[in-house]
1. Condition check: in the same structural domain as residue 377 (by TED's automatic domain parsing), in a strand (DSSP E or B) and closer than 22 Å to residue 268 by Cα. Does residue 224 satisfy that?
2. Looking at the range 51-68, which of its residues are of a type outside the set (Phe, Trp, Tyr) and either touching a residue at least 24 places away in the same chain (Cβ under 8 Å) or farther than 13 Å from residue 10 by Cβ (or both)?
3. Do the conditions hold for residue 188, that is, is it farther than 30 Å from residue 148 by Cβ and modelled with pLDDT under 95?
4. Considering only the range 181-199, I want to know if a residue exists there that is crowded, with 22+ Cβ neighbours inside 10 Å and not in a strand (DSSP E or B).
5. Could you tell me whether residue 161 is closer than 18 Å to residue 373 by Cβ, surrounded by fewer than 22 Cβ atoms within 10 Å (Cβ to Cβ), touching a strand residue (DSSP E or B) at 6+ places or on another chain (Cβ under 8 Å) and not assigned by TED's automatic domain parsing to the domain that holds residue 66?
6. Taking the stated definitions as given, is residue 282 surrounded by fewer than 23 Cβ atoms within 10 Å (Cβ to Cβ), out of contact with any Asp or Glu (no Cβ under 8 Å at 6 or more places or on another chain), within 25 Å of residue 371 (Cα to Cα) and modelled with pLDDT of 95 or more?
7. Working only within the range 364-375, note down all residues that are crowded, with 19+ Cβ neighbours inside 10 Å and either in a strand (DSSP E or B) or at positive phi (or both).
8. Since residue 224 meets every condition but one in (1) within 19 Å of residue 101 (Cβ to Cβ); (2) out of contact with any Leu (no Cβ under 6 Å at 6 or more places or on another chain), which condition does it not meet?
Amino acid sequence: MSRELYPIVVKPEWIETIQSGYPALRKEMFESLQHVKDAGGLLHLMTEHKEYLATGYFGKQEKGVGWTLSMDEQDTIDVAFFKQLFEQALDKRNDFFEEESEAFRIFNGAGDGIGGLSIDCYDHHYLITFENEGIYTFRPMILEAFESLVHYKSIYEKRDFLIDLQPVKGDDFLVGERGDFPEMLQELEARYAYDLDAGMRTGFDIAQRELRKVLMDSVKEKNVLNLFSDTGTLTVAALQGEASQTTSVDFSTRSRNKTIDNLALNSFTPEKQTILIQDAFDYIEQADKKTRFDVVLFHPPVQVNTRTRQFRTEQDLSLWIQKVIHLTNRGGLLAITTDSPALDASQLKKAVEQAFNKLRQKFEVVWEQPEQKDFPIPPSMPQLAPKSILVRRK
């Protein structure tokens with residue numbers, strides 16, 4: 001396709017930010033974007049004196065309007081450009097390939113050089129996620145570059161954006177041999193089902209790998225509550241860690257069925273565990289004073305905006321942590337996880353502190369999400385990292 005190159009003047013107060021490598025582009029950084037019409041259009045970022053700063057692409061995503069791609073004016077954004085970035089990312093993941101890890105991230109957006117794009121490996125089935133319409137216009141080049149570098153069973157895609165407020169329809173399967181999903185992967189002693197051909201969610205969150213590990217070591221003979229449990233992967237991890245009993249709460253029948261499948265995969269009897277089809281917010285509010293658990297896992301959605309419920313992580317997380325504290329026994333553990341790009345790890349910890357302080361209670365941090373080699377992030381955007389914290393209620 002013919003790709004428009006738009007000269008864009010950066011406001012003086014934002015020049016140093018872009019020169020420092022900050023990759024996310026926002027409307028307020030520029031004198032004008034009115035002449036930029038096409039998603040995927042290349043942005044030639046420059047000072048008012050026409051001095052080159054960076055090359056980016058136009059693609060609306062959350063509060064942004066695009067991402068930088070290169071700080072080198074000589075770079076051509078073509079198949080070779082993407083191939084070079086993919087090669088660098090693959091080299092950084094050599095340990096995962098050598099250890100024959102079955103699920104890990106191959107390419108992590110801006111942390112690997114292309115904001116709005118991620119690639120995950122599920123036992124040599126690869127999933128490319130396009131997070132905005134702009135990066136999706138580079139799809140043929142991205143696929144050609146990536147396909148030339150990896151041995152794959154199949155390659156799938158997810159389109160995590162809307163056009164005219166509607167999902168982009170189409171087959172998620174791209175090349176290779178279509179998987180017989182759901183398929184199974186192994187992580188430590190546990191097995192989990194995943195599906196790359198059933199909508200936006202695969203059923204297995206790679207970013208929670210470290211949390212699953214720490215759970216296995218922390219829940220022996222404990223009663224565990226898993227709120228917003230989705231497919232029950234954390235429930236499985238808890239049972240692998242010899243939890244005495246688990247309760248999983250999520251609003252959808254799909255979640256219940258997938259949780260049952262994951263339990264059965266690991267030879268656990270689903271009937272011996274409690275699996276509730278209920279809005280987890282409602283469960284928290286309706287729980288009586290006798291409802292207490294040794295371990296509570298709290299992973300709320302980033303945002304909810306319905307007729308009966310409003311929730312925004314950056315505004316409401318601390319309030320809901322207060323409510324979840326009441327479900328946690330004294331001396332018990334509380335794990336909080338968020339996918340919100342509005343909070344970094346320090347802000348998540350601050351939300352926990354505010355919640356305990358509001359209740360005039362004390363806690364200690366047992367574990368915080370470490371950096372993960374397959375989830376590199378730009379130093380200037382710590383909020384893009386996976387975020388989890390495990391605390392003990394004193």
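The values are calculated or read from the model by the stated rules, or taken from the named source; none is laboratory data. As the structure is a computational prediction, the values presented were derived from the model and not from experiment. Positions of Cβ are backbone-derived with ideal geometry, glycine not excepted, and every protein chain shown enters the neighbour counts.
1. So residue 224 fits the description; yes.
2. 53, 54, 56, 59, 60, 61, 62, 63, 64, 65, 66, 68
3. yes
4. Yes, the range 181-199 contains a residue that is crowded, with 22+ Cβ neighbours inside 10 Å and not in a strand (DSSP E or B).
5. Taking the combined requirement at face value, the residue does not satisfy it.
6. No: the conditions fail for residue 282.
7. The answer is 367, and nothing else.
8. Unmet condition: (1).
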